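Read through the structure below, which is laid out as structure tokens, and then see the notes.
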Amino acid sequence: MATLVLKFGGTSVANPERIQNAAKKVKAELDLGHKIVVVVSAMSGVTNQLVEYVRTITPSYDPSEYDVVVASGEQVTSGLMALALQQLDVKARSYQGWQLPFYSSDKHEKARIDEIGTDLMKDCFKQNITPVIPGFQGVTRPSKDGGNRITTLGRGGSDTSAVALAAALKADRCDIYTDVNGIYTSDPRLVQKAKKINRIAYEEMLELASLGSKVLQTRSVELAMNYKVPVQVLSTFETTVGSDLPGTFLIDEDAMMEKQMVTGLAHSRDEARITLTNVEDKPGMLARIFGPLAEANINVDMIVQAASDDGKTVDVTFTVPRADIVRATEALTNNKQTIAYKELQTNKDVVKISVVGVGMRSYAGVGQMMFKALADKGINIQVVSTSEIKISVLIEEAYTELALRTLHTTYQLDAA
Ligand code: ADP
Ligand code: ASP
Ligand code: MG
């Protein structure tokens, strides 16, 4: 008998029939004798709709009230799931984040988990009750000046709720049910030849998620890796359940039998490029550029410095989140005097394509293969960044699919 956390994403609970289908999977696991905690997302599309309501009332909203609104999507599903389970003769009840409590920081919209109360769930187990918990939601601790506010964990945060609950309960497994039957070598919506991966190292999934593979929220992978939670990603549309092990498992790198040079590809359209031209090449120059951006809390990702046309100064190119491009431009123009650049150019039509694999630690020439394959297709690389297990390039957005498919073939990832 194992303790399992089963998480159902937006498409898995998109309508009452899908919720009933998910409830059947929970029942099948209970029938195998397992103790189950169910975690649910909002019905697909609901969170987007709620965000839109908030923005229609005011684009400069109070983030704590935004969280009250958007957390409600998961509340609805948790009640519906408990009802669907009861219809299958499963004793089930929902607990909201504030009831557990699921304590988080007060950084509304992107709160970080602090501590999770497990007593209520453990009591449920003793009474043969299956608790249903809304993902995505947290609550701040009560404090002298109030506290006790509803929070949310950032878009896609139900994955993180599920893994955190699994860690807190020391669960034997956390199954993430979604609309694909596992993690693929690339987003299957863009690369038809993408292949399902049976086992992937936490480190690889962490890179893929943070480089744009939205199948799991990055922080859920971070937590799984730190607390060694066995996570499985699997399809809600198949008849098998997680205990039949049909999905993709996140495992320790040491447990990987065969380390491929490249395990998967990711892409992100969430970045924008900024170039400052003709900056004087002297000590402290980069600090003067990136200081104002850090003060404005803007993350800079890829950076490259190249000689300018005049041969005396340099052009500095870097990427920032696309959503921050206006603020970044403001921060830089406000400091134009001190940075002393000639022109500020921005470009939002870019995509970051990344190749990831723990095998890169031991293979040479991975980058060269990537650069050559893209060059052969006439795709120009604007910026490059690397780490031990990934290489990322920034290219024109129009080439996203061509680049992904080309690299997929180059690294021999195509499904047979
Ligand atoms: P959920 O609503 O269940 O949380 P998401 O939409 O967040 O589901 O995540 C599943 C989607 O992630 C898939 O439909 C797929 O298009 C996308 N995706 C991106 N990269 C990958 C990948 N490498 N493997 C599998 N799915 C991926
Ligand atoms: N409902 C939230 C979202 O759409 C959280 C989640 O589904 O993981 O972002
Ligand atoms: Mg998701």
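Some points to look at:
- The range 202-219 - phi-based ³J(HN,Hα) in whole Hz, Karplus 6.51/-1.76/1.60, Gly and Pro as x: 3, 4, 5, 5, 4, 5, 4, 5, 6, 9, x, 6, 7, 5, 9, 5, 3, 5
- By the rule of a C-alpha distance below 20 Å, with chain neighbours fewer than 8 residues away ignored, the lysines paired with LYS144 are LYS107.
- Net charge of Cβ neighbours under 15 Å - reference GLY45; Lys, Arg +1; Asp, Glu -1: -1
- Each label point was placed 7 Å from the Cα along the Cα-to-Cβ direction; for ASP309 and SER362 their separation is 5.0 nm.
- Close amide H partners of GLY156, meaning residues 5 or more places away or on another chain with modelled amide H under 5 Å apart, do not exist here.
- In the range 1-76, taking the dipole from charged Cβ atoms about the Cα centre, the farthest positive-side position among VAL46, THR11, TYR66 is held by THR11.
- Dipole size of the chain about its Cα centre, with +1 on Lys/Arg Cβ and -1 on Asp/Glu Cβ: approximately 500 debye, rounded to the nearest 20.
- For ASP414, the shell of other residues with beta-carbons less than 11 Å away shows a net charge of +3, using +1 for Lys and Arg and -1 for Asp and Glu.
- The chain: angle of helix 325-334 to the longest principal axis, Cα-based, in degrees nearest 10: 40
- Summed side-chain charge close to ASN181 - residues other than ASN181 whose Cβ falls under 13 Å, Lys, Arg +1, Asp, Glu -1: -2
- Accessible surface of the chain, 1.4 Å probe, proportion on carbon and sulfur as whole %: 48
- For the range 149-168 versus the range 351-416, the gap between their alpha-carbon centres in whole angstrom: 32
- Label-point separation in nm, GLU280 to ALA255, each point 7 Å along Cα→Cβ: 5.7
- Linear extension gain, ALA323 paired with GLU52, 0.36 nm per residue minus alpha-carbon span: 95.9 nm
- Relative contact order of the chain, pairs being alpha-carbon contacts under 8 Å that are 6 or more residues apart, as %: 13
- Rounded to 10°, Cα long-axis angle of helix 158-168 versus longest principal axis of the chain: 60
- Surface analysis of the range 290-406 yields an accessible area of 51 Å² per residue, using protein heavy atoms and a 1.4 Å probe.
- Helix 366-376 and the longest principal axis of the Cα set of the chain meet at an angle near 70°.
- The range 135-237, relative contact order [Cα under 8 Å, separation at least 6], %: 33
- Full-stretch length increase - ARG269, GLN345 - with 0.36 nm per residue and alpha-carbon distance subtracted: 25.5 nm
- Rounded to 5, the percent of DSSP beta bridges in the chain classed as antiparallel: 65
- Theoretical FRET efficiency, 1/(1+(r/R0)^6), r = Cβ-Cβ of MET1 and THR239, R0 35 Å, to 0.05: 0.95
- Under 12 Å of direct C-alpha separation, and excluding same-chain neighbours fewer than eight residues apart, LYS110 reaches these aspartates and glutamates: ASP67.
- 222 nm mean residue ellipticity, helices alone, for the chain (DSSP H n ≥ 4; -39,500 (n - 2.57); rounded to 500): -10000 deg cm²/dmol
- Packing-based order for 289-299, 257-267, using average beta carbon neighbours within 10 Å, highest first: 257-267, 289-299
- Computed FRET value (nearest 0.05) for PHE125 with LYS377, which takes r as the C-beta separation and R₀ as 45 Å: 0.20
The values are calculated or read from the model by the stated rules, or taken from the named source; none is laboratory data. Note that the coordinates shown come from a computational prediction; the quantities given were computed from them, not determined experimentally. Here Cβ is always computed from backbone atoms with ideal geometry, including for glycine, and neighbour counts include all displayed protein chains. Keep in mind that these areas ignore ligands, DNA and RNA; they rest on the heavy atoms of the full protein, side chains included. Shrake-Rupley method; radii C 1.70, N 1.55, O 1.52, S 1.80 Å.
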